[in-house]
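Enquirer: Here it is, the structure, as structure tokens.
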Amino acid sequence: MSSKATLSNTMRIYHRYLGFFLAGIMAVYAISGIILIFRDTDFLKQTNQVEKQLEPGLTADALGKAIKIRELKIESVSGDVQTFKNGTYNNATGAVSYTTKSLPKMIEKLTHLHKANTKDPLFYLNVFFGVSLLFFVLSSFWMFMPKTTIFKKGLYFTLAGVVLTVVLLLL
């Protein structure tokens with residue numbers, strides 16, 4: 001019985017101090033995650049005017065690739081000037097003028113936390129954070145003795161969380 005108490009106490013200690021350490025990281029992830037929910041809106045975005053000199057005579061596809069606008073469509077043509085959503089391109093001179101909307105630099109860096117891949121140094125933070133959250137999940141089951149009412153209720157809440165997530169994924 002003493003080995004169970006020792007394991008339980010050890011898990012509580014690790015859970016507590018890792019929780020304090022990760023509190024700041026979790027706050028940043030939470031804020032950036034909430035901001036990412038609104039990525040298809042103009043929430044917090046700033047308008048930027050861009051003026052560039054490109055090659056003359058680009059097709060709509062080549063123009064879209066050059067200015068990094070997916071599925072660019074020319075809406076109208078007036079002489080050499082082609083108009084597309086949020087901008088114009090002069091087919092004769094190659095001058096392009098358009099507006100973009102982007103998050104402020106610091107918020108953009110925050111949201112990049114969720115987009116990091118294996119080539120990004122943030123990859124290590126993301127893996128550490130994911131493994132730590134998994135530890136939190138597992139270590140929380142050592143917070144209470146298995147025969148107690150609170151532990152059994154906790155299992156019901158855990159099951160409810162899993163079911164809710166699966167239902168929302170299937171919608």
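Enquirer: Show the residue pairs meeting these rules: Cβ distance below 7 Å; 6+ apart or different chains; first residue within the stretch 55-73 and assigned by TED's automatic domain parsing to the domain that holds N91; second residue polar (S, T, N, Q).
Expert: Here the result reads P56/N91; P56/T93; G57/N91, each pair linking the stretch 55-73 to a residue that is polar (S, T, N, Q).
Enquirer: Only one residue in L36, L22, L63 is modelled with pLDDT of 95 or more and either within 29 Å of L103 (Cα to Cα) or acidic (D, E) (or both). Which one?
Expert: Just one listed residue meets the conditions, L63.
Enquirer: For S139, all conditions in the list (1) of a type in the set (S, T, Y); (2) free of Cβ contacts under 8 Å to residues at least 24 places away in the same chain; (3) within 21 Å of A23 (Cα to Cα) hold save one; what is the number of the exception?
Expert: Status for S139: all satisfied but (2).
Enquirer: Please enumerate the residues belonging to the stretch 67-117 that are touching a strand residue (DSSP E or B) at 6+ places or on another chain (Cβ under 6 Å) and acidic (D, E).
Expert: Residues satisfying the conditions are E75, D80.
Enquirer: Let me ask you something else. Looking at (1) of a type outside the set (K, R); (2) in contact (Cβ under 8 Å) with a residue 40 or more places away in the chain; (3) in the same structural domain as S132 (by TED's automatic domain parsing); (4) exposed (fewer than 14 other Cβ atoms within 10 Å of the Cβ), find the lone condition where M11 falls short.
Expert: Failed condition: (4).
Enquirer: If you don't mind, there's one more thing I want to ask. Taking the conditions exactly as written (more than 30 Å from F128 (Cβ to Cβ), outside any helix (DSSP H, G or I), in contact with a helix residue (DSSP H, G or I) (Cβ under 8 Å, 6 or more places away or on another chain) and among the basic types (K, R)), does R39 satisfy them or not?
Expert: Criteria not met by R39.
Enquirer: Can you pull out the residues in the stretch 100-136 that are of a type in the set (S, T, Y) and either exposed (fewer than 13 other Cβ atoms within 10 Å of the Cβ) or under 17 Å from G33 (Cβ atoms) (or both)?
Expert: S102, T111, T118, Y124, S132
Enquirer: Within the stretch 75-99, can you find the residues that are crowded, with 16+ Cβ neighbours inside 10 Å and either over 23 Å from K45 (Cα atoms) or touching a Lys or Arg at 6+ places or on another chain (Cβ under 9 Å) (or both)?
Expert: Q82, F84, Y89, N90, N91, G94, A95, V96, Y98, listed by residue number.
Enquirer: Also, I was wondering about something else. Looking only at the stretch 133-171, which residues are touching a Phe, Trp or Tyr at 6+ places or on another chain (Cβ under 7 Å) and closer than 24 Å to A30 by Cβ?
Expert: Those that are touching a Phe, Trp or Tyr at 6+ places or on another chain (Cβ under 7 Å) and closer than 24 Å to A30 by Cβ: S139, G154.
Enquirer: Scan L103, L134, L113 and give me the residue that is out of contact with any Pro (no Cβ under 7 Å at 6 or more places or on another chain) and within 30 Å of N9 (Cβ to Cβ).
Expert: L134
Enquirer: With the condition being over 31 Å from the mean Cα position of the chain (by Cα) and not aliphatic (A, V, I, L, M), I'd like the strands (runs of 3 or more DSSP E) fully within the stretch 45-162 carrying at least 3 qualifying residues.
Expert: Here the list reads 74-78, 87-90.
The values are calculated or read from the model by the stated rules, or taken from the named source; none is laboratory data. It should be emphasised that the depicted structure is a prediction, and the values quoted were computed from it without experimental measurement. Heads up, the Cβs are rebuilt from the backbone with ideal geometry, glycines too, and the neighbour counts pull from every protein chain shown.
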